[in-house]
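Here is the structure we will look at, set down as structure tokens.
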Amino acid sequence: MSADFSRVSIVLAQALEAALNQAMHLDLEEGQALKALPTSVIALQIDPLKTPFYCLLNEQQISVQSHLNGSADASIQGGISDWLALGQDHPNVDVFEFSGDTDLAQRFLKALAAIEIDWEEHLASLTGDLIAFKIGHGVRSYLGLKRRQRDYIEQTIKEYLQFEIEAVPTKSQVQHFNQDVQELSQQLDALEARINQLN
Amino acid sequence: MSNNKSTIDFGFSEVPLDEKVKRVKGVFDSVAGNYDIMNDVMSMGVHRIWKRQTIDLSGVRPGHKVLDLAGGTGDLTKAFAKRVGKTGQVVLADINESMVRVGRDRLINEGISGNVDYSITNAEALAFPDNTFDLCTIAFGLRNVTNKDKALEELYRVLKPGGQLMILEFSKVTNPAFAKLYDFYSFNILPKMGKVIADDEASYQYLAESIRMHPDQETLKQMMLNAGFDKAEYINMTQGIVALHRGWKY
Ligand SMILES: C[S@@+](CC[C@H](N)C(=O)[O-])C[C@H]1O[C@@H](n2cnc3c(N)ncnc32)[C@H](O)[C@@H]1O
């Protein structure tokens, strides 16, 4: 059983989020325009993709996700080529359709058009994650896998479990801790006894 | 952390800052340090994608109230705090005081504050009123809870009507061939590795076993329905090494 979610859109959302936040924190005029926007949710509809990206604007911090509980405050709709053309020198923002709080949507799109997004950089930093995930997901038979891929899976599991182990105190860590506490209280008892002798 | 106070404000509770606490902090300082290094080193780490998917699917929005139960050092709390903004609130709750402390220090260091509360709470008896949260999450925590049915009932209770519970946890690998590799890895390689790295073969063996003992996808889904959830479903991730279960209260 599975639900309707796409790993690719999640990765794209992450890249968009990284790009927007970077632009906002570079001290450029364009970034400042993003900072000035109120707390709100703006949906970006990229036709023909079925699901929009939701930009959550919060005090100088933008998060992007592909699901939203409830509806957005404003929505911007355009074809994939229109969105890609946004990065060009004189983008045509008239081809987009706005709904909801249109003033907010227009301000957001203008700011978006003005910033330069290095997609390659942001996507490159994420492909490692995606490849790792996809390999785990795409496995049909481990016997048929090439040696390298098998190593990859083993490495991925190993790293995950290591992470998991570090996050949970192990039995022995707990035992060590209990021992430490016991030692400490014995030392305190001894100290107390010595202080009492001084009196 | 300041040492000249006898108690330290800890969100909902005041805890004495005595020698024991310092000791605990010592133990968990090393845990927290490793945790961060792990995150950096693991540029291809899938656990971040599992968590990222959880966050994405949550549909969380500004103004929401979120409970990150068994939140540990606060990965999810951090992401949710950014999303719910000033008008929202995130509570990082964990049974382990030291985990909460380390999580709090880490988040404050990263500039996350103002909309995050910290609570030392057992999942089986949550210290929150009914109908409090829009979203509750428990990531890699349910496996450690003794009475899971009780925890699920509690999570249902504190959710607002319309609210959602998300459980991210190790589960049952679906592909038989992959399951074989995974088993071989967990029962043969992992404990040996544990011996080399931490001189602690038994704990690693125990970890592998505890993962296998956790209820499988369908069982957990049924447990959620039994606990009162009006709808429950799950998504397998990475062949079912982990599953994301979601439950709704209507
Ligand atoms: C592996 S860590 C997961 C931390 C974090 N959620 C993450 O994914 O990075 C498990 C956490 O569950 C907590 N825990 C275990 N039993 C619990 C219980 N009964 N109630 C609340 N928290 C519990 C532990 O203290 C620990 O911090």
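We did not get these values from a lab; they are worked out from the coordinates using the rules stated. These figures come from a predicted structure and were not determined experimentally. Cβ coordinates were reconstructed from backbone atoms using ideal geometry, including for glycine residues, and neighbour counts include every protein chain displayed.
Quick check on the range B:59-104: take the gyration tensor over C-alpha atoms, sort the square-rooted eigenvalues as a ≥ b ≥ c, and tell me if it's rounded (a/c under 1.5), prolate or oblate. Prolate is the answer for the range B:59-104, as a/c is 1.5 or above and a/b outweighs b/c. Phi-derived couplings, Karplus 6.51 cos²θ - 1.76 cosθ + 1.60 at θ = phi - 60°, listed residue by residue for the range A:92-104: 9, 8, 6, 6, 8, 9, 10, 9, x, 6, 5, 4, 4 Hz, with x used for Gly and Pro. Estimated from the Cβ-Cβ distance and a Förster radius of 22 angstrom, the FRET efficiency linking A:K110 and A:T39 is about 0.70. The calculated FRET efficiency for the pair A:S99 and B:K160, based on their C-beta separation and a Förster distance of 41 Å, comes to about 0.90. Restricting attention to the range B:42-138, which trypsin sites (Lys or Arg not before Pro) occupy a DSSP loop and are surrounded by at most 13 other Cβ atoms within 10 Å? Here the sparse-neighbourhood loop sites are B:K86. Residues whose amide H lies under 5 Å from that of A:D101, counting only those 5 or more places away or on a different chain, are A:A74, A:S75; hydrogens are built 1.01 Å from N in the peptide plane. What GluC sites (Glu not before Pro) in the range B:69-165 are in a loop by DSSP, with at most 13 other Cβ atoms within 10 Å of the Cβ? Of the GluC sites (Glu not before Pro), the ones in loops of the range B:69-165 whose Cβ has at most 13 other Cβ atoms within 10 Å are B:E110. Contact order for the range A:3-113, expressed relative to its length and based on alpha carbon pairs under 8 Å spaced 6+ residues apart, stands at 24 percent. When each of B:M166, B:M99 is scored by the number of other beta-carbon atoms lying within 10 Å, the sequence from fewest to most is B:M166, B:M99.
Distance check, please: which entries in B:K86/B:K150; A:K50/B:K51; A:K35/B:K78; A:K35/B:K249 exceed 25 angstrom between their Cα atoms? Table pairs above 25 Å Cα-Cα are B:K86/B:K150; A:K35/B:K249.
From largest to smallest, the equivalent ellipsoid semi-axes obtained for the range A:3-113 from the alpha-carbon gyration tensor read 19, 17, 15 Å. The HN-Hα couplings worked out from phi for the range B:80-91 by the Karplus form 6.51 cos²θ - 1.76 cosθ + 1.60 (θ = phi - 60°) are 5, 4, 5, 7, 7, x, 5, 7, x, 8, 10, 10 Hz, whole numbers, x standing for Gly and Pro. Around the amide H of B:G228, modelled in the peptide plane, lies no amide H under 5 Å away from a residue 5 or more places distant or on another chain. Backbone amide hydrogens, once placed in the peptide plane, bring B:F133 within less than 5 Å of B:L159, B:K160, excluding anything fewer than 5 places away on its chain.
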